[in-house]
Amino acid sequence: MLVLVTGANGHIGANVTRALIKAGYDVRAMVREGADTRGLQGLALKMFYGDIRDTAAVEASMRDCEVVINLATPYITNPSRRADVIDPAMEGVRNVLQAAARLGVRRVVHASSMAAIGPSKDPARLRTEQDWFDEADMPYTIAKRDSERIAWTLAEALDVPFISLNPPVVLGRFDYRITPSTRWVLDMVEGTAMLPKGAVGLVHVLDVADALVSAIERGRPGERYIIAGPSVHFKNLVETIRDMTGNGPQYMPAPRPLVLGVISMQAGLLKMMGRPVLASVGAAQEWVHRYQVYDTAKARNELGLSSHTAEEILTEVIQWSLHMNQFSPATAARLQPRYSTHTDWN
């Protein structure tokens, strides 16, 4: 079976492409001309070059494919222009669904995000596939939510079998361009991050890749699946990282209005000084005193979702970051005796 992976050179794309090849699928990768393709080097696949916003390029890449795994969305959490994130996500998903309808593709598996489902204000209230994050403010969150919504509308109108998978913070190997998710862990290990009261959902990229491949045969068209691993309270995450590395982020369990006010003032001062904003107010509103706690029973039962532990996930981020020389010299010297890298990553 021939499977097209859009955005195949990204973090998830590099891992899902490997999982597809291992499972015996023929793989076609669609990437932008000039894209960083280190994650695909040496793999048995056929490369197609083009922009996801280019209708003709999408259709050319998709022709003769039975399945499409759509991963092409910019992962930029603090863009200079909102349109730089939102427009490609919206245009891309329209092109994918319309081309799939014209070509009679058997199914489209779309990698959405838990950003589309959103966090809970109550740590005891698990989010499910029925939830949507209507209060989203960050451009990336809006892009993931609205592109998934339009995908569902188009899939129904065009009669395209469509499945959506929604992971939270995806971490692990082959993150060559260092996503914001990996950068966040790096900042925590370096001790430069601050965590508020709340909880975050983590998932290993290998678990996401396996779920995407499983959805080709086991997923039910018309269904969403939460693909999440452990949900970790920020206080516990601080303690875990400190135990694992000898350093870690600061924990600030202050009231939500106070934390948001501090972040807003910090952002304003950094802009006035012409320095990059470390934490946007929009992102803080989605994280501070918010809980990424989810019900994953549907994915476990129907897709066979398995999950690495938080410690396993964080260990691999540290190993990969050492492999990519991303830590400061002092931090790298402290971590190298405890964390060896994988020889098969070279």
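Where a number appears in this text, it was derived from the coordinates with a stated rule and is not lab data. Not measured: the values here are computed from a predicted model. No Cβ is skipped: glycine too gets one built from the backbone with ideal geometry, and neighbour counts run over all protein chains shown.
Listing for the model above:
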quantity	calculated
Bridge type composition, the chain - antiparallel percent by DSSP, nearest 5	10 percent
Ellipsoid equivalent to the stretch 1-50 - semi-axes via the Cα gyration tensor, in Å	16, 11, 9
Proximal lysines to K271, defined as alpha-carbon separation beneath 29 angstrom and excluding residues fewer than eight positions away on the same chain	K144, K197
Chain lengthening between L103 and T343 when straightened (0.36 nm per residue, less Cα-Cα)	82.2 nm
Ranked packing of 126-132, 324-330, most packed first, by mean Cβ within 10 Å	126-132, 324-330
All lysines inside 19 Å of K22 as judged from Cα atoms, apart from same-chain residues fewer than 8 positions distant	K46
Label-point separation, M47 to D137 (7 Å along Cα→Cβ), nm	4.2 nm
Cα long-axis angle, helix 83-103 against the chain (0 to 90 degrees, to the nearest 10)	30 degrees
Two-site label geometry, M324 and M273: point separation in nm, points 7 Å out along Cα→Cβ	2.6 nm
Histogram of C-alpha separations across the stretch 200-308, 10 Å bin width, %	13, 29, 28, 21, 8, 0
Residues with amide H under 5 Å from that of F162, placed H, sequence gap 5 or more	V108, G222
Net charge of neighbours whose Cβ lies under 11 Å from the Cβ of A299, counting Lys and Arg as +1 and Asp and Glu as -1	-2
Translational D in µm²/s for the chain (Stokes-Einstein at 25 °C, 0.890 mPa s, Kirkwood Rh from C-alpha pairs)	119 µm²/s
Top of I52, I21, I318 by mean-square fluctuation, Gaussian network on the chain, Cα under 10 Å	I21
Segment A83-E66, extension gain: residue separation times 0.36 nm, minus the distance between their alpha carbons	3.0 nm
Nearest 10 degrees, 0 to 90: helix 180-190 Cα axis against the chain principal axis	20 degrees
The stretch 1-84 - Rg (one decimal) and Dmax (whole number), Cα, Å	12.9, 41
Net length gained if the chain between L158 and R38 were fully extended (0.36 nm per residue, minus Cα distance)	39.6 nm
Sorted by Cβ density within 10 Å, fewest first, the residues H11, H323, H342	H342, H323, H11
Sites I21 and R256, calculated FRET efficiency, Cβ-Cβ separation with R0 51 Å, nearest 0.05	0.65
Angle in degrees between helix 205-217 and the longest Cα principal axis of the chain, rounded to the nearest 10	20 degrees
